[in-house]
Amino acid sequence: MQLASMPFNEIRLDRMSRAFGALNALREITLSIRKGEFIALLGPSGCGKSTALNCIAGLLSTTGGGIYIDDKRIDQFKPEDRGFGMVFQNYALFPHMSVRKNIGFGLKMRGRPQSEIDIKVEEAIALVRLQGHADKLPGQLSGGQQQRVAIARAIVIEPPLVLMDEPLSNLDAKLRLEMRAEIRRIHNQMKATTIYVTHDQDEALSLADRIVVLRDGVIRQVGTPHELYEKPAHLDVAEFMGFRNRFAGKVISREGDRATVSAGSFSVSGTVVGALQPGASAVLAVRPDDVMLAEQASGGVPVTVDTIEYRGREYVGIARTGDGVEIVFHADRAPAQGGAVALSIDPARALIFGA
Amino acid sequence: MAMSHSTPMEAKSLRQKLALRGIDGVTLLVLPSVIFVLAIFIYPFFYGLMLSFSPMREGGMFANYAAFFSDPYLYNTIGATLRLAIPVTILSVAFAVPVAMRVRLMKRQRLLTTILVLPITLGTVLVAQGMLNYLGPQGWFSRTLMLIGLVDSPVKLTNNYWGVFLSLVVTVFPFTFLLTLSYVTGIDPALEKAAATHGASSWQRFRHVMLPLLVPGLAIAFCLTFVQAFAVFPSAVLLGAPSGPTRVISIAAAQAAFEQYDFTMASAIAMIMGVVQLCIVLIVLVVRNLFYRGATSGGKG
Amino acid sequence: MIRDTSIGAKLWITAVWAVTIFFVLNVLAIIATVIVSSLGTRWLGTWLPNAFTFNWYASAWREFQLGPVLFVTFQIAFTVVALSGLLGVTAAYAMARRDFPGKRLIMLLFLLPLLVPPITFGIPLATVLYQFNVGGTFWGVVLANLVPTVPFVILVMIPFIEQIDPKVEAAARVFGAGTFKLFVYVLMPMLIPGILAALLLVLVRTVAMFELTFLTAGPTSQTLVVSLYYAVFASGVRAVQSIDAMAVIYMVSTLVWLLVALRFVNPTQIVARGNQSSAAH
């Protein structure tokens with residue numbers, strides 16, 4: 001039985017788990033995905049994101065929980081009966097079939113009439129802009145073109161869900177940006193519900209409607225790119241979102257959601273995430289672009305400049321406090337290397353997490 | 001690699017020219033082996049070919065070949081050998097594919113592959129000797145069949161066609177299987193996953209993805225298996241009826257050489273043997289070229 | 001990988017395993033028959049012999065003069081191993097590291113002796129060897145056995161050498177190693193596992209090579225497997241158990257090396273490595 005092109009409202013993971021022996025690769029993942037939504041599963045390697053994708057595809061069996069399309073439970077279905085489309089990391093194009101045959105594969109397996117297959121494949125080829133390559137074998141195509149074939153093959157069957165497993169990781173930097181825009185364009189046009197696995201936060205931020213951050217098989221945070229970027233709920237999510245500077249210390253005072261952390265020889269103010277009382281150990285995290293040179297030496301954190309690099313529009317420097325804590329900062333003018341300066345940290349954009 | 005500092009100018013430039021084409025001291029290391037193969041493999045082959053055209057018997061250049069094709073006791077050996085080799089080859093390949101498809105999913109293949117490598121390593125003589133006991137009228141095989149009640153009296157499986165057939169299967173199937181296994185495991189597993197997620201059932205995955213990718217390898221496996229089976233010799237003598245239905249072509253060649261001491265005739269028979277093998281191999285390769293050949297992985301590079 | 005739990009699939013899987021197990025059982029039974037028979041006093045019309053004894057080994061040793069035969073067998077085998085190692089590894093190095101005109105042709109030249117069965121090329125080869133008066137001698141048998149083993153070593157070693165980054169060699173040269181030192185200190189240590197595996201397989205192949213040795217050996221240059229053939233061929237003259245005892249000795253002399261070799265290679269590679277390159281095109 002096929003689920004393809006079945007009308008549905010949401011796909012729901014209900015406490016989906018997967019253990020490999022004693023190792024829990026996925027622990028009770030619960031998530032609902034609306035029709036047409038683009039979800040990015042983001043996390044470092046080994047966090048369980050590929051395991052999750054393979055479980056959803058049916059390539060791995062789950063060891064607990066369920067997967068539902070609306071109220072229909074599908075986690076006992078074989079992969080070929082789920083009717084999903086998938087883009088594999090190394091594309092997994094059938095090397096013995098032409099581009100046209102590769103794209104038409106899913107339709108052929110579903111026993112659609114050849115006339116219908118021809119029309120749909122032609123549309124898909126146009127959608128991914130591969131006209132003129134239809135009769136080539138995958139081996140004759142460039143990496144980016146192979147990628148387009150893989151995407152076309154997955155969406156031509158009009159699946160309820162398209163799964164993408166780090167599809168851009170094999171491309172060089174320039175092509176990666178190009179294909180990212182391409183995936184965005186195709187998604188806007190087709191509105192196919194998509195789960196996209198990646199370890200690259202830029203990809204996740206630029207593509208997804210919602211991002212799911214996984215770590216050690218557990219969902220750490222779910223939110224829109226904006227929410228995750230501005231309000232990471234945990235320190236490890238913040239690290240993923242570019243909060244490079246981190247100071248461990250103790251909360252010395254708190255007023256509303258503003259608090260001050262003392263980190264050795266200096267203290268910094270920031271915004272508290274969660275409940276932290278004065279005296280608790282905490283980590284203050286801030287992005288390099290929210291650390292600037294202070295106008296007056298008295299107002300900021302006194303540091304010595306280690307290195308300074310010109311980045312075109314501005315300077316990026318690395319400095320060190322008296323205790324040797326490293327701080328990366330941005331500046332619109334170049335301070336002298338080895339010189340003593342003060343850095344100011346925007347309290348609204350510095351976040352304090354419990355340690 | 002073999003550059004020396006005192007090389008004269010003009011010699012050096014010649015050396016540089018050769019090096020540009022990839023020929024230098026390192027390349028020359030290949031020469032001893034090339035000369036060896038030319039002298040001990042290629043030369044004897046042509047020597048044998050020439051020898052087969054200078055017969056010890058009357059009747060001009062082609063007398064040996066004429067004699068072979070006019071004497072049913074000789075030319076029938078081709079048919080007898082093909083009757084053994086072709087069924088054994090087809091059987092081996094036909095069984096090797098499904099078994100290899102299962103075994104590739106096994107985590108601990110090592111024990112099975114080690115057991116299967118035994119008959120290849122021990123060789124045809126030992127297998128023939130073991131089968132004389134095992135398949136003989138008092139052997140375990142007949143005893144077991146009688147115990148189960150499948151037969152009433154011992155089955156005759158030695159000193160006839162079936163003895164040789166079975167011993168060929170025992171030595172040749174593991175070879176075909178291990179070869180097939182290496183092809184099957186060479187196919188990127190992601191391709192099968194991709195086929196499954198795009199709706200192909202297990203039979204469709206095999207039919208449309210695995211089989212087309214396997215055909216080139218299977219053709220090679222078929223050829224190598226056939227060539228081995230066609231060269232059957234010790235088991236045809238020891239387990240078969242060497243003057244009857246299992247009088248294979250190698251027996252005819254060995255008799256010409258070591259019983260009649262007619263090396264010209266023996267060479268002629270060896271050449272005929274080679275030509276028949278070549279014909280079957282060519283047929284298989286022509287058929288194979290009708291199929292896809294190339295990479296068996298689905299990614300770039 | 002992908003689970004298939006339908007009844008049809010289960011039946012099919014069961015059938016495939018049944019055939020495989022049946023085959024493996026028969027192979028093991030064939031080997032076991034030989035061993036049991038060699039240890040039995042009398043074995044007629046029963047499942048197992050009446051009583052067990054080691055006496056057949058002593059009598060086989062005497063009757064078939066296994067001492068000298070084994071000595072000759074290993075003398076031949078180790079000579080073949082040494083020569084095919086020397087010729088094969090050097091040629092494999094050149095083939096792996098250089099691209100030169102005619103390389104494909106030379107590759108084909110090395111493939112042919114592995115693809116043509118020994119009995120086919122053995123007869124003309126034996127003729128030539130007898131012509132040059134080496135037929136029937138120790139060196140005749142060695143030369144004949146080198147025909148498939150030299151290409152075998154080459155084909156096993158080429159991928160092994162290719163996987164060693166040429167930059168490692170370049171680095172050794174930059175730091176002052178000459179060709180000889182490069183080989184002794186850098187290449188050899190990295191190649192040892194491959195060479196050892198290849199040579200052990202050559203040893204197994206030579207001990208078990210019946211056809212070529214049969215065609216080229218004289219009375220003083222027979223190896224164990226050829227003696228075994230003649231003993232089985234003339235069975236009736238000697239007791240079956242005695243021949244079986246000889247067969248067991250042959251088995252042990254082959255399998256010991258196989259077991260050692262299997263520590264270094266996967267069984268699949270024993271058949272596949274040599275033929276892989278031919279499979280590419």
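When A:Gly338, A:Gly317 are screened for being among the small types (Gly, Ala, Ser) and assigned to a strand (DSSP E or B), only A:Gly317 passes.
Based on this model, can you work out whether A:Asp14 counts as among the charged types (D, E, K, R) and either free of Cβ contacts under 8 Å to residues at least 12 places away in the same chain or closer than 27 Å to B:Trp203 by Cα (or both)?
On the way: among the charged types (D, E, K, R): yes; either free of Cβ contacts under 8 Å to residues at least 12 places away in the same chain or closer than 27 Å to B:Trp203 by Cα (or both): no.
In short, no.
Taking residues in the stretch B:165-193 that are free of Cβ contacts under 8 Å to residues at least 12 places away in the same chain, and partners anywhere that are not in a helix (DSSP H, G or I), the pairs with Cβ atoms closer than 6 Å and at least 6 places apart or on different chains are B:Lys193/A:Leu59. Counting only helices (runs of 4 or more DSSP H) that fall entirely inside the stretch A:78-184 and contain at least 3 residues that are among the polar types (S, T, N, Q) and within 10 Å of chain B (Cβ to nearest Cβ), the qualifying elements are A:143-155.
The residues listed here are C:Arg42, C:Arg98; of these, the one that is buried (at least 16 other Cβ atoms within 10 Å of the Cβ) and of a type outside the set (A, V, I, L, M, F, W, C) is C:Arg98.
Every condition in (1) modelled with pLDDT of 90 or more; (2) crowded, with 22+ Cβ neighbours inside 10 Å; (3) small (Gly, Ala, Ser) holds for A:Gly106 except the one numbered (1).
Scanning the stretch A:317-355 for residues that are open to solvent by 20 Å² or more (accessible area, probe 1.4 Å) and under 29 Å from the mean Cα position of the chain (by Cα) yields A:Ile318, A:Glu326, A:His330, A:Ile345, A:Asp346, A:Pro347, A:Ala348, A:Arg349, A:Gly354, A:Ala355.
So that you can scan it fast, the table gives a plain yes or no per residue for (1) under 23 Å from B:Leu84 (Cα atoms); (2) of a type in the set (D, E, K, R); (3) open to solvent by 10 Å² or more (accessible area, probe 1.4 Å):
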position: B:Ala195; (1), (2), (3): no, no, no
position: B:Leu214; (1), (2), (3): no, no, no
position: B:Leu224; (1), (2), (3): yes, no, yes
position: B:Val232; (1), (2), (3): yes, no, no
position: B:Thr246; (1), (2), (3): yes, no, no
position: B:Ala252; (1), (2), (3): yes, no, no
position: B:Asp262; (1), (2), (3): no, yes, yes
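Could you tell me how many of the residues in the stretch C:216-265 are among the polar types (S, T, N, Q) and either in contact with an Asp or Glu (Cβ under 8 Å, 6 or more places away or on another chain) or not in a helix (DSSP H, G or I) (or both)? Number of matching residues: 6. Could you identify the single residue in B:Tyr161, B:Tyr183 that is more than 9 Å from chain C (Cβ to nearest Cβ) and under 30 Å from B:Ile220 (Cβ atoms)? Answer to the selection: B:Tyr161. Residues that are under 14 Å from C:Pro117 (Cβ atoms), touching a residue at least 12 places away in the same chain (Cβ under 8 Å) and either open to solvent by less than 30 Å² (accessible area, probe 1.4 Å) or within 12 Å of another protein chain (Cβ to nearest Cβ) (or both) within the stretch B:274-292 comprise B:Val276, B:Gln277, B:Val281, listed in sequence order. Counting only residues that are in a loop (DSSP other than H, G, I, E, B) and farther than 17 Å from C:Ile76 by Cα, which one in the stretch C:113-149 is nearest to the other protein chains (Cβ to nearest Cβ)? Filtering first and then ranking leaves C:Pro117.
For beta carbons closer than 7 Å, sequence separation of 6+ or different chains, a first residue in the stretch C:232-246 that is of a type in the set (A, V, I, L, M) and a second that is not in a helix (DSSP H, G or I), the qualifying pairs are C:Ile243/C:Ser235; C:Met246/C:Phe64. Counting residues in the stretch C:18-40 that are within 9 Å of chain B (Cβ to nearest Cβ) and more than 27 Å from the chain's Cα centre (by Cα) gives one or more. Restricting A:Val121, A:Val128, A:Val162 to residues that are crowded, with 19+ Cβ neighbours inside 10 Å, more than 16 Å from B:His208 (Cβ to Cβ) and free of Cβ contacts under 8 Å to residues at least 60 places away in the same chain narrows the list to A:Val128. The single condition from (1) touching a residue at least 60 places away in the same chain (Cβ under 8 Å); (2) away from chain B (no Cβ under 13 Å); (3) among the aliphatic types (A, V, I, L, M); (4) open to solvent by 50 Å² or more (accessible area, probe 1.4 Å) that C:Leu66 fails is (4). Only one entry of A:Ser45, A:Ser32 meets the criterion of being open to solvent by 10 Å² or more (accessible area, probe 1.4 Å), part of a strand (DSSP E or B) and either within 14 Å of chain B (Cβ to nearest Cβ) or of a type in the set (S, T, N, Q) (or both), and that entry is A:Ser32.
The residues of the stretch A:187-221 that are under 30 Å from A:Val128 (Cβ atoms) and of a type in the set (A, V, I, L, M), listed by number, are A:Met190, A:Ala192, A:Ile195, A:Val197, A:Ala204, A:Leu205, A:Leu207, A:Ala208, A:Ile211, A:Val212, A:Val213, A:Leu214. Residues in the stretch B:56-79 that are more than 21 Å from B:Ile280 (Cβ to Cβ), surrounded by 15 or more Cβ atoms within 10 Å (Cβ to Cβ) and within 14 Å of another protein chain (Cβ to nearest Cβ): 1 in all. Of note, B:Leu166 satisfies the criterion of being over 16 Å from the mean Cα position of the chain (by Cα), among the aliphatic types (A, V, I, L, M) and part of a helix (DSSP H, G or I).
Restricting the search to the stretch C:4-24, which residues are assigned to a loop (DSSP other than H, G, I, E, B) and either surrounded by 13 or more Cβ atoms within 10 Å (Cβ to Cβ) or at pLDDT 90 or above (or both)? I'd like the intermediate steps shown before the answer.
Of the stretch C:4-24, the ones assigned to a loop (DSSP other than H, G, I, E, B) are C:4-6.
Selection gives C:Asp4 alone.
What number of residues in the stretch B:196-215 are facing chain A (nearest Cβ under 7 Å), over 14 Å from A:Gly111 (Cα atoms) and free of Cβ contacts under 8 Å to residues at least 40 places away in the same chain? Show your work before the answer.
Applying the first criterion (facing chain A (nearest Cβ under 7 Å)) to the stretch B:196-215 yields B:196-201, B:204, B:209, B:212-213.
Okay, now just the ones that are also over 14 Å from A:Gly111 (Cα atoms), so B:196-197, B:209, B:212-213.
Applying the additional criterion that residues be free of Cβ contacts under 8 Å to residues at least 40 places away in the same chain yields B:196-197, B:209.
Here the count works out to 3.
Checking the conditions here, which among C:Leu39, C:Leu44, C:Leu70, C:Leu86 is modelled with pLDDT of 90 or more and over 30 Å from C:Leu109 (Cβ atoms)? Before you say what the answer is, go through the steps one by one.
On the way: C:Leu39 fails: modelled with pLDDT of 90 or more; C:Leu44 fails: modelled with pLDDT of 90 or more; C:Leu86 fails: over 30 Å from C:Leu109 (Cβ atoms).
The unique qualifying residue is C:Leu70.
Filter the stretch A:74-93 down to the residues that are more than 29 Å from A:Gly242 (Cα to Cα) and of a type in the set (A, V, I, L, M), then identify the one that is surrounded by the fewest Cβ atoms within 10 Å (Cβ to Cβ).
Taking the stretch A:74-93 and keeping what is more than 29 Å from A:Gly242 (Cα to Cα), we get A:74-86, A:91-93.
So of that shortlist, the ones also of a type in the set (A, V, I, L, M) come out as A:74, A:86, A:92-93.
Numbers: A:Ile74: 18, A:Met86: 31, A:Ala92: 28, A:Leu93: 29.
This residue is A:Ile74.
Okay, residues lined up against (1) assigned to a helix (DSSP H, G or I); (2) crowded, with 18+ Cβ neighbours inside 10 Å; (3) in contact with a Pro (Cβ under 9 Å, 6 or more places away or on another chain):
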site: A:Glu203; (1), (2), (3): yes, yes, no
site: A:Val212; (1), (2), (3): no, yes, no
site: A:Leu228; (1), (2), (3): yes, yes, no
site: A:Ala233; (1), (2), (3): no, yes, no
site: A:Phe243; (1), (2), (3): no, yes, yes
site: A:Arg246; (1), (2), (3): no, yes, no
site: A:Val251; (1), (2), (3): no, yes, yes
site: A:Ser262; (1), (2), (3): no, no, no
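If you go through the stretch A:60-73 one residue at a time, do you hit one that is under 17 Å from B:Glu192 (Cβ atoms), buried (at least 24 other Cβ atoms within 10 Å of the Cβ) and at pLDDT below 90? No - not one qualifying residue is present in the stretch A:60-73.
The values are calculated or read from the model by the stated rules, or taken from the named source; none is laboratory data. The model shown is predicted, which means the values in this text are computed figures rather than measured ones. Neighbour counts run over all protein chains shown; Cβ positions are idealised from the backbone, glycine included. Surface areas here come from the heavy atoms of the whole protein model, side chains and all, with no ligands, DNA or RNA. Shrake-Rupley method; radii C 1.70, N 1.55, O 1.52, S 1.80 Å.
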